[in-house]
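First comes the structure, then the notes that go with it.
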Amino acid sequence: MEMTKESKRAVKSDLMHLLLTNKGERLYMPEFGTNLRKFLFEPNIDTVFSDIRSEIQNAINQFMPNLKVDKLEVIPHEDNEHSAIVRLEYTVTNNTFSESDFVVIQL
């Protein structure tokens with residue numbers, strides 16, 4: 001069974017909401033979200049990129065267990081030396097369907 005366009009959009013929206021919410025920002029759920037904004041002025045080096053990947057993977061594991069991360073890349077932004085691009089390819093899995101998609105965010 002395939003996901004509908006609405007359910008695909010809902011999953012992507014939930015994922016972006018999770019990634020772009022600061023931990024402690026959501027009332028009664030202090031662990032919801034990520035601390036991605038703390039990386040805004042960090043250097044574009046492998047250890048920082050590794051920390052970003054871990055932050056994203058941990059949040060997904062905890063709050064969106066129906067997502068399987070297929071590929072998670074953090075790469076330097078070509079036009080801005082103080083910025084990075086995150087590309088996350090994922091598969092939505094549960095008992096009724098499996099669907100792949102991706103998101104790209106700029107930090």
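Numbers at a glance
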quantity: Per-region count, the stretch 84-107, residues at pLDDT below 80 and under 16 Å from the mean Cα position of the chain (by Cα); calculated: 8
quantity: Matching residues, the stretch 22-59, being within 22 Å of His77 (Cβ to Cβ) and of a type in the set (S, T, N, Q); calculated: Asn22, Thr34, Asn35, Asn44, Thr47, Ser50, Ser54, Gln57
quantity: Those residues of the stretch 48-81 which are among the aliphatic types (A, V, I, L, M) and within 13 Å of the chain's Cα centre (by Cα), in sequence order; calculated: Ile52, Ile56, Ala59, Ile60, Met64, Leu67, Val69, Leu72, Val74
quantity: From the options Lys12, Lys8, Lys38, residue that is at pLDDT below 95, open to solvent by 60 Å² or more (accessible area, probe 1.4 Å) and either part of a strand (DSSP E or B) or under 18 Å from Ala84 (Cα atoms) (or both); calculated: Lys38
quantity: Among (1) farther than 13 Å from Gln106 by Cα; (2) touching a strand residue (DSSP E or B) at 6+ places or on another chain (Cβ under 7 Å), the one test that Val86 misses; calculated: (1)
quantity: Close pairs from the stretch 64-89: first under 14 Å from Leu36 (Cα atoms) and in contact (Cβ under 8 Å) with a residue 40 or more places away in the chain, partner surrounded by 15 or more Cβ atoms within 10 Å (Cβ to Cβ) and polar (S, T, N, Q), Cβ under 7 Å, at least 6 apart; calculated: Ala84/Asn44
quantity: The stretch 44-71 - residue that is assigned to a strand (DSSP E or B) and under 25 Å from Arg26 (Cα atoms) and, of those, least open to solvent (accessible area, probe 1.4 Å); calculated: Leu67
quantity: Hits in the stretch 15-35 - residues which are surrounded by 16 or more Cβ atoms within 10 Å (Cβ to Cβ) and not in a helix (DSSP H, G or I); calculated: Thr21, Lys23, Phe32, Gly33, Thr34
quantity: Lone unmet requirement of (1) basic (Lys, Arg); (2) without any contact (Cβ under 8 Å) to a residue 40 or more places away in the chain; (3) within 15 Å of Leu88 (Cβ to Cβ) for Lys38; calculated: (3)
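The values are calculated or read from the model by the stated rules, or taken from the named source; none is laboratory data. Predicted model only: the values in this text are computed from it and were never measured. With ideal geometry, Cβ positions are generated from the backbone for all residues, glycine too; neighbour counts draw on all protein chains shown. SASA here: full protein model, heavy atoms, side chains in, ligands and nucleic acids out. Shrake-Rupley method; radii C 1.70, N 1.55, O 1.52, S 1.80 Å.
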